[in-house]
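Following: one structure in structure tokens, then a few remarks.
The values are calculated or read from the model by the stated rules, or taken from the named source; none is laboratory data. The model shown is predicted, which means the values in this text are computed figures rather than measured ones. Cβ placement follows ideal geometry from the backbone for every residue including glycine, while neighbour counts extend to all protein chains displayed.
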Amino acid sequence: MALVYLGLGTNLGNKEQHLNNAILKLSSEVGILVFQSAFYSSVPWGFDSENEFLNAVVLLETYLSPFDLLAKTQDIELKMGRTVKPTTDYSDRLIDIDILLYDSLIITEPTLKIPHPLMLERDFVLKPLMEIAPDLVYPISGKKVKDIVAENKV
């Protein structure tokens, strides 16, 4: 089984309920929920909106391949009411599920990039990731999450 870290976010409707529903769907359709962070509020990143986000990070064990995991997370987003993800601009969203890490794999395909290419720039990813996995090693730099957070002063 692979260990996967997923970032979750929502800034519309009942945010806490959306995150809880996403976690339930992930644990029933993707794999075994190992850890779940607390929920963190954050301002929109990459676009302007009056709606703050609620974010979390989860760790799951899964038998799904990275590409099957991507398909399943996108399917869960759509089932929960997410419209198709824009490729260039960010916008308000009911639910967003990003693959942050998949074991220590590095994948750079047009449709899938692991580690998530922007995860180290996002406090709303680093704070919950630090909560559940401070000693996790980021595969590109070989640094631990807690050291990355200390360097970024998150």
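Residues in the range 30-58 that are over 19 Å from L120 (Cα atoms) and either touching a Lys or Arg at 6+ places or on another chain (Cβ under 6 Å) or aromatic (F, W, Y) (or both): how many?
2
Can you find even one residue in the range 89-96 that is aromatic (F, W, Y) and at pLDDT below 95?
Start the filter on the range 89-96 by keeping residues that are aromatic (F, W, Y), which leaves 90.
From what's left, at pLDDT below 95: 90.
Yes, because at least one residue in the range 89-96 is aromatic (F, W, Y) and at pLDDT below 95.
Which ones in the range 22-38 are surrounded by fewer than 17 Cβ atoms within 10 Å (Cβ to Cβ) and outside any strand (DSSP E or B)? Break it down stepwise before answering.
Kept after step one, since they are surrounded by fewer than 17 Cβ atoms within 10 Å (Cβ to Cβ), are these residues of the range 22-38: 24, 27-29, 32-35, 38.
Selection gives L24, S27, S28, E29, A38.
Report whether or not Y138 is more than 21 Å from D75 (Cα to Cα), in contact (Cβ under 8 Å) with a residue 12 or more places away in the chain and hydroxyl-bearing (S, T, Y). Step through it out loud before you land on a result.
Working: more than 21 Å from D75 (Cα to Cα): yes; in contact (Cβ under 8 Å) with a residue 12 or more places away in the chain: yes; hydroxyl-bearing (S, T, Y): yes.
So Y138 fits the description; yes.
Those residues that are farther than 22 Å from F67 by Cα, in a loop (DSSP other than H, G, I, E, B) and under 12 Å from the mean Cα position of the chain (by Cα), I need them from the range 106-147; list them, please.
Answer for the range 106-147, where residues must be farther than 22 Å from F67 by Cα, in a loop (DSSP other than H, G, I, E, B) and under 12 Å from the mean Cα position of the chain (by Cα): just R122.
If I ask for residues that are within 23 Å of K113 (Cα to Cα) and either in a loop (DSSP other than H, G, I, E, B) or among the aromatic types (F, W, Y) (or both), which ones from the range 4-21 would you list?
Residue satisfying the conditions is Y5 alone.
Quick one: Y63 ticks every box in (1) among the hydroxyl-bearing types (S, T, Y); (2) more than 13 Å from I99 (Cα to Cα); (3) without any contact (Cβ under 8 Å) to a residue 60 or more places away in the chain; (4) exposed (fewer than 13 other Cβ atoms within 10 Å of the Cβ) bar one, so which box is it?
(3)
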